[in-house]
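Beneath this line is the structure, given in structure tokens, with notes to follow.
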Amino acid sequence: MTRKSWCATALITFTCLLALGESPALAGDAATAEALFREGRTLMDAGNYAAACPKLEESYAQDPATGTLLALGICQERVGQTASAWATYSEAAARAKRDGRSDRERAARDHMVALEPKLSHLTIKVDPSASAVTGFSVKRDGHDVGAGAWGTSVPIDPGEHVVEATAPGRRAFNVKITVAAQGAAETVQIPALELAPVPAESSAIPAATGPRADDAGTTRTVAPLRIPGLIIGGVGLVTLGVSGVFALRAHGLNSDSKSGGHCDAQNQCDDIGAEKREDAKTAANIATVTVLAGGALTALGATLFLLKPHQERTHAAQLDALPLLGPGQAGMLVRGRF
């Protein structure tokens, strides 16, 4: 028995209309739609409407047939989703009218009329000062409620619903309501949203920094400069490593100048040997400068790391490290105040 021939026993007059003239599939998978429709029909026959409705919804999504829509409306009505069923019947009536199926249109509208006295309604009212805030929005059950729907009584399925309102820089409004069945009417009033609290400035200051100094020259407690000490000490160690590299290079260049007879025992050299000797001297000078700078930076870093807290006049700690480069020499100038 297919979708085009099925008639529900409990609703013979209405559902037999589903057996007549379905439109071709407009989207999705027609075979999947047929299988889902049959399963939904079987579940409805067994009285399991809660399980049947999702099957019919997906069947309609795969193949938007008017017959499936009518069956879905019946299913929704049976599970108490009166507003959803009313809207489904309305869509089915519009589709049937478009298709020239006056019998289905009449049946759908008859069910709409029968449902209307049973519909529950919800009205969402918004304080004008709330809606005046840029970025203000209202949601019901996670779905946006546009300004055009504010203040209008709209059909809603019985059960629990959540209404929320938000705006940038404001406290969110959130309320949960339970809508009764059989013609209940609920109203949610959204007030002007309160300003959200601004975090205190002091909360953003780590406790370890101690009292902040002002520009008037007051004293403050200064914690050990551990981080600057680690950084400066690290730079010093790296500089010492660089010194070692240049020292090895100087030794290698000096050895190269002696090999191949470029320089004799009296240090008399040809052009190649003289060039290598000059490069070796430059590398040696750089090694000397960098080892001194590396040692100084390492010692300074260790000193800063081990400093104890003390009182000092207000001024910001400052440290500058300036490279010194020139023909045949290299170095680093470190200066600062703490």
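The values are calculated or read from the model by the stated rules, or taken from the named source; none is laboratory data. All values reported here derive from a predicted model rather than from experimental measurement. Don't worry about glycine lacking a Cβ; one is built from the backbone with ideal geometry, like all the others, and counts go over all protein chains shown.
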Within region 82-96, is there a residue that is more than 23 Å from Ala114 (Cβ to Cβ) and buried (at least 23 other Cβ atoms within 10 Å of the Cβ)?
no
Of all residues in region 156-188, how many are outside any strand (DSSP E or B) and touching a residue at least 60 places away in the same chain (Cβ under 8 Å)?
7
Mind telling me which of the residues Ile124, Ile156 ends up being at pLDDT 95 or above, touching a His at 6+ places or on another chain (Cβ under 9 Å) and either β-branched (Val, Ile, Thr) or within 25 Å of Ala94 (Cα to Cα) (or both)?
Ile156
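Across region 140-154, what is the total count of residues that are at negative phi and surrounded by fewer than 17 Cβ atoms within 10 Å (Cβ to Cβ)?
10
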Can you name the residue in region 277-321 that is among the charged types (D, E, K, R) and modelled with pLDDT under 75 and, of all such residues, is nearest to Gly244 (Cα to Cα)?
Asp320
Just to be sure, is Asp127 of a type in the set (Asp, Glu) and more than 30 Å from Cys75 (Cβ to Cβ)?
yes
When region 117-147 is examined, which residues are found to be outside any loop (DSSP other than H, G, I, E, B), farther than 21 Å from Ala192 by Cβ and free of Cβ contacts under 8 Å to residues at least 24 places away in the same chain?
His143
Filter region 1-56 for residues that are β-branched (Val, Ile, Thr) and part of a loop (DSSP other than H, G, I, E, B); which is modelled with the lowest pLDDT?
Thr9
Go through the residues of region 88-109 one by one and say whether even a single one is closer than 20 Å to Ala184 by Cα and either in contact with a Ser or Thr (Cβ under 6 Å, 6 or more places away or on another chain) or assigned to a loop (DSSP other than H, G, I, E, B) (or both).
no
Take the conditions under 30 Å from Ala87 (Cβ atoms), modelled with pLDDT under 95 and in contact with a Leu (Cβ under 8 Å, 6 or more places away or on another chain) and apply them to Ala165. Does it pass?
no
